[in-house]
Each structure stands twice: as C-alpha cells, then as structure tokens.
C-alpha cells in the first residue's frame with residue numbers, strides 16, 4: 001500500500017491531472033470514479049495503473065470494474081494519498097491511469113443515416129464534457145474537434161462528460177482536413193455527402209424550419225467568434241436559435257443540445 005504522498009506514482013498521477021503537456025508527452029490520462037473508470041475500461045482503454053483506496057471504494061453494479069482482471073496493475077493507496085491524487089478530492093476511491101485513444105477521421109464508423117457533430121475552436125473543457133454527454137444521450141455517431149484548443153483528456157472533460165468521452169467516437173483534426181473528409185462520398189453510407197447545418201447568428205432561418213433527416217453534420221463555433229469563413233461557406237443551411245431576451249447567444253453546449261435533439265425529433269417523427 002502507498003501511504004506517502006511523495007511516492008513517485010502519486011506524483012505522476014498529480015502531474016497528469018494538472019498538466020496538459022505531461023498528458024501529451026506520455027500519452028496517458030487520469031480518470032477517477034466508478035462510472036468513469038468502468039466506462040473507460042469497457043470502451044477498450046488500456047490501463048497503465050489502477051489505484052484503489054479500500055477505505056473509500058465500494059463496487060457499483062451499474063458500472064462494474066473487474067479488479068481481478070487487472071490484478072497485476074492494481075495498487076492500493078491510503079485515503080490521504082487518494083485525496084492528494086484525486087481531482088475531485090474524497091470521491092469513490094478508484095483512479096485509472098490509462099493510455100489515450102487517438103482516432104483518425106478515416107476510422108470513424110457511421111450509422112445510416114449518420115448524425116455527426118463538429119466543434120470548431122472549442123477551448124473550455126467543461127463545454128466539451130457537456131457536449132459529449134448530450135452526444136451520448138442522443139446517439140450521435142461521432143464528435144469531431146476541428147482546430148481544437150481544449151485537451152480532450154483534461155480531467156474537467158472527463159468529469160463533465162460523466163465518462164462519455166469513452167462512450168463516444170471523438171477525434172481531433174484541422175478544419176481543412178475535416179472539410180475534405182466531409183466532401184468525400186466514400187466516407188458516407190451509400191456515398192451520400194451530408195447536409196452541413198451550421199449554428200449562426202447571421203441568418204433568418206430558424207433551426208426548426210430546417211430538414212435534419214438523412215446524413216447531417218451539425219457545426220458549432222465558439223461563443224465569442226462563431227464559425228470561421230471556411231465553415232460558413234461550406235454550410236448550405238446556416239440556422240439560428242431564436243433569442244427572445246437581452247443576450248444574443250447561448251452557451252455552445254446548450255446550442256448543441258437544442259439542435260441535436262431537433263434532429264432526433266425529426267428522425268423519429270416526434
């Protein structure tokens with residue numbers, strides 16, 4: 001059992017929690033909590049370490065973690081050490097150090113008809129986490145981060161997504177590469193190129209007046225700058241969410257939820 005907060009593994013976990021550069025250099029990340037660890041392992045994440053505090057950890061039937069399967073990677077830690085490592089403090093008693101999964105655009109598997117989200121220039125980890133939670137709930141095929149500024153393995157992403165980072169196909173790429181991928185028929189069921197529906201303020205078309213059946217890509221920019229010219233020119237159907245009060249835009253996670261569930265409503269004739 002590790003009882004010293006100065007143990008090298010303890011320091012390693014804290015560094016991975018706190019520094020994006022360390023995550024990038026090592027290709028590792030940290031997830032904590034029963035649900036997050038369970039979903040990560042279920043998705044195929046390869047663990048490097050699993051740290052358990054038996055004073056805090058109790059198994060959960062809905063989100064099981066087969067500790068016996070990873071016995072050679074298990075390390076027991078004291079409550080004081082766990083508290084020092086955990087991003088959320090005194091929570092649930094289990095931490096995973098895992099190898100990051102990096103997907104290529106070409107590897108994405110899409111249903112028919114596909115529904116894909118593109119987020120350009122997103123920088124707030126909490127927003128990305130909330131988007132991934134919505135995407136999982138709505139059955140979105142993939143989330144593409146174009147010119148992303150947010151680190152997808154930031155602890156705030158994992159926490160805000162409730163572990164949905166691991167249940168979703170998520171990939172990062174440059175805007176130019178994403179647009180090229182969108183325009184190649186071979187990437188889409190039956191060779192169809194999708195409708196690109198972009199959330200924008202500079203249009204009179206309301207989102208609920210737009211056909212979102214069939215292959216659809218929903219595109220969102222940052223709250224302060226919106227979408228780049230490249231995406232605005234590509235979007236055949238820019239749409240607006242009506243703003244009836246004093247402010248002129250919504251949080252990007254809220255905008256994603258509204259448009260995504262409108263697409264779901266139309267596809268299910270609700």
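How far, in degrees from 0 to 90, does helix 252-267 lean away from the longest principal axis of the Cα atoms of the chain, to the nearest 10?
60
On the principal axes of its Cα set, how long, how wide and how thick is the stretch 172-266? Give whole Å, largest value first.
Reported extents, whole Å, longest axis first: 45, 29, 22.
Using only Cα atoms, locate the centre of the stretch 25-52 and the centre of the stretch 91-152, then give the distance between them in Å, rounded to an integer.
Their Cα centres are 16 Å away from one another.
How do 219, 101 rank when sorted from fewest to most other Cβ atoms within 10 Å of their own Cβ?
Arranged by neighbour count, lowest to highest, 219, 101 become 101, 219.
Sorted from fewest to most neighbouring beta carbons within 10 Å, what does the list 179, 46, 258, 144 look like?
46, 258, 179, 144
Using a 10 angstrom cutoff on alpha carbons, build the Gaussian network for the chain and name the most mobile of 61, 17, 100.
Looking only at 61, 17, 100, the largest GNM fluctuation is found for 61.
In what order do 192, 32 fall by count of nearby beta-carbon atoms within 10 Å, going from fewest to most?
Values: 192 14, 32 25.
Arranged by neighbour count, lowest to highest, 192, 32 become 192, 32.
Please state the shape class of the stretch 8-99: rounded when a/c is under 1.5, otherwise prolate if a/b exceeds b/c and oblate if not, all from the C-alpha gyration tensor.
Numbers: a/c = 1.66, a/b = 1.19, b/c = 1.39.
Oblate, since a/c reaches 1.5 and b/c is not below a/b.
Run the numbers on the chain and let me know its relative contact order in percent, using alpha-carbon pairs under 8 Å that are six or more apart.
Relative contact order, the chain: 18 percent.
P(r) tail for the stretch 55-152, what percent of Cα pairs lie past 24 Å?
45
First check a/c for the stretch 105-267, with a ≥ b ≥ c the square roots of the eigenvalues of its C-alpha gyration tensor; if it is under 1.5, answer rounded, and if not, answer prolate when a/b is larger than b/c or oblate otherwise. Could the numbers behind the result be given before it?
On the way: a/c = 1.32, a/b = 1.01, b/c = 1.31.
In terms of gyration-tensor shape, rounded.
Here, each number is a calculation from the coordinates, and none is a lab measurement. Everything numeric here is computed off the predicted structure, so don't read it as measured data. Counting neighbours? That spans all protein chains shown, and the Cβs are built from the backbone with ideal geometry, glycine included.
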